[in-house]
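Some notes on the structure that comes next.
The values are calculated or read from the model by the stated rules, or taken from the named source; none is laboratory data. Please read all numbers here as calculations on a predicted model, not as lab measurements. Here the Cβ is made from the backbone with ideal geometry for all residues, glycine too, and neighbour counts use every protein chain on show. Just so you know, the surface numbers come from the protein's heavy atoms only, side chains and all, with ligands and any DNA or RNA stripped out. Shrake-Rupley method; radii C 1.70, N 1.55, O 1.52, S 1.80 Å.
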Amino acid sequence: MYGSKQIYAWSGPTGQMWLDRVRHRIGALPRINPAARTSARPPFPEPYQAAVIISADLELAWAWRYVRDNPNPLQYALDKAGQSRRNFPKLIEMFDHYEIPITWAIVGHLFLEECSHEASGAHPDIMRLRHFTNEYWAYQDGDWFDADPCSDYGRAPAWYGPDLVAAILSARMKHEIACHSFSHIVFTDGVCPPAVADSELSKCQQIARQAGQQLTSVVFPANLSGNLASLKRCGFKAYRWHGRYELDVPRRDGHGLWQIPGGLCWEKRAAWPTRAWLDVLRLCLDRALQTGTVLHLWFHPSCDPLNIETVFPLTLDTLAHYRNKVWVTTMAGMVSWLETGEELG
C-alpha cells in the first residue's frame with residue numbers, strides 16, 4: 001500500500017493542484033496546529049480575533065540563476081526579473097489603495113545602486129557556499145556571483161533594485177522591509193556553513209542601515225530554514241516558518257526568535273478557477289477566526305500577471321470585509337505586539 005504522502009508526491013504539480021483543491025473542499029486543509037486551539041486570549045490587539053500577514057519575496061534575477069531543470073537558467077532569471085519589475089508598480093498602488101501593509105522580503109543586493117569587480121572577485125566580503133544540488137538549485141561549478149554584472153541598476157536592472165526599495169519606503173502605506181539573504185543562498189544546515197550565513201546576514205543589516213532601516217525579520221530563500229543562531233547573532237527577531245500547519249500562532253524557538261507561521265503561497269494555480277481560489281481564502285479566514293490563529297499569505301512579485309490583475313484585488317477586497325475582526329499586519333508588526341503590546345505606527 002502507498003501512503004498519502006507518496007501518492008501526493010507522485011501526482012505531479014497538476015495533480016497536486018487538484019488534490020489540494022479537493023482537500024480544501026472536504027476540510028482537510030487548511031491544517032490547524034492543535035496547540036493553537038486554546039481558550040487563552042489570542043495574541044492580537046482587541047477587538048481582533050485572528051491575524052493576516054502578507055509577505056512578498058522580492059528577488060529579481062537572484063532566485064533563479066541556478067534553477068534546476070531549465071536549459072537556460074540565466075535567461076530564465078532575467079525573464080523573471082523583468083516580470084517582477086512590470087508587476088511591482090501595480091502592487092505598490094494596489095496595497096496603497098486597499099490600505100494593506102505587507103512585509104517585503106528583499107534580497108540584499110537589490111539595495112545597491114552599483115557594485116564593482118574586485119581583484120578577488122565580486123563581493124569578496126561575502127563568504128561562499130560550496131557547490132551543491134537540492135530540489136530547487138543546481139550549483140555545480142563556478143562562483144555563486146558569476147552572473148553579478150558588477151555594474152549599476154541603470155544598466156543591469158535585473159540585479160539591482162534601489163529604485164524598488166525607495167518606492168516601498170515612499171509608499172503611502174508603512175510596509176516592512178525584511179531580509180531575504182544578500183544573494184539568495186540556501187541556508188540549510190549542512191549546506192550553508194555558519195560563517196557564510198553570518199556574512200550574508202550581517203551585510204544585509206549593514207546596507208539596510210545605510211537606507212535608514214533596521215531589519216527585524218528573515219524569509220529564507222526557497223523557505224529552507226537553517227542557521228538560526230546566525231539570525232540571532234545578526235540582530236534579527238523573527239523568521240517566516242514553514243512547518244506542518246497552514247494556520248498557527250507565533251511562538252519562540254530555542255534561540256528566542258519568533259517563528260511566524262508561513263501559511264500559504266498565494267499565487268493562483270492555473271488549474272484553479274478564481275472563484276475556487278477565493279473560496280479557499282474565505283475558508284482559511286473563517287478557520288483562523290474560529291481558532292484565533294494567523295493566516296500568512298506569501299507570493300513572488302514575479303508571479304503570473306493574472307494574480308496582479310485579478311486574484312490579488314479580489315483577495316484584498318475580500319480582506320476588507322473582514323477588517324473589523326481580522327488584524328492585518330506585518331511580520332515586524334506582529335513581533336512588536338508580542339514583545340511590547342504596542343502596534344507599529
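Here are some notes:
- Search result, residues across segment 173-202 that are assigned to a helix (DSSP H, G or I), within 20 Å of residue 103 (Cβ to Cβ) and of a type outside the set (A, V, I, L, M): 200
- Contact annotation: residue pairs with Cβ atoms under 7 Å, 6 or more positions apart or on different chains, pairing a residue in segment 109-130 that is in contact (Cβ under 8 Å) with a residue 60 or more places away in the chain with a partner that is among the acidic types (Asp, Glu) and surrounded by fewer than 17 Cβ atoms within 10 Å (Cβ to Cβ), are 128/143.
- Of all residues in segment 249-277, those being in a strand (DSSP E or B) and open to solvent by 20 Å² or more (accessible area, probe 1.4 Å) number 6.
- Residue check for residue 293: among the polar types (S, T, N, Q) and open to solvent by less than 10 Å² (accessible area, probe 1.4 Å): yes
- Condition broken by residue 336, with the remaining ones in (1) closer than 19 Å to residue 105 by Cβ; (2) in contact (Cβ under 8 Å) with a residue 60 or more places away in the chain; (3) part of a helix (DSSP H, G or I); (4) not hydrophobic (A, V, I, L, M, F, W, C) satisfied: (2)
- Enumeration of residues in segment 89-120 that are outside any loop (DSSP other than H, G, I, E, B) and open to solvent by 10 Å² or more (accessible area, probe 1.4 Å): 89, 90, 92, 93, 94, 96, 97, 98, 111, 114, 117, 118
- Boolean, residue 230 is among the hydroxyl-bearing types (Ser, Thr, Tyr), open to solvent by less than 10 Å² (accessible area, probe 1.4 Å), outside any strand (DSSP E or B) and over 26 Å from residue 46 (Cα atoms): yes
- Some residue of segment 270-282 being at pLDDT 95 or above, within 19 Å of the chain's Cα centre (by Cα) and hydrophobic (A, V, I, L, M, F, W, C): no
- If the condition is being open to solvent by 30 Å² or more (accessible area, probe 1.4 Å), of a type in the set (D, E, K, R) and at pLDDT 95 or above, then segment 235-248 contributes only 237.
- Unmet requirement for residue 110, which otherwise passes all of (1) in contact with a strand residue (DSSP E or B) (Cβ under 8 Å, 6 or more places away or on another chain); (2) modelled with pLDDT under 95: (2)
- Evaluating residue 166 against the criteria (1) surrounded by fewer than 17 Cβ atoms within 10 Å (Cβ to Cβ); (2) touching a Pro at 6+ places or on another chain (Cβ under 8 Å); (3) closer than 30 Å to residue 333 by Cα leaves one unmet condition, (2).
- Residue match in segment 306-317 (condition: within 21 Å of the chain's Cα centre (by Cα) and over 18 Å from residue 97 (Cα atoms)): yes
- Set 327, 298: member being crowded, with 18+ Cβ neighbours inside 10 Å, closer than 30 Å to residue 235 by Cα, among the aromatic types (Phe, Trp, Tyr) and touching a Ser or Thr at 6+ places or on another chain (Cβ under 7 Å): 298
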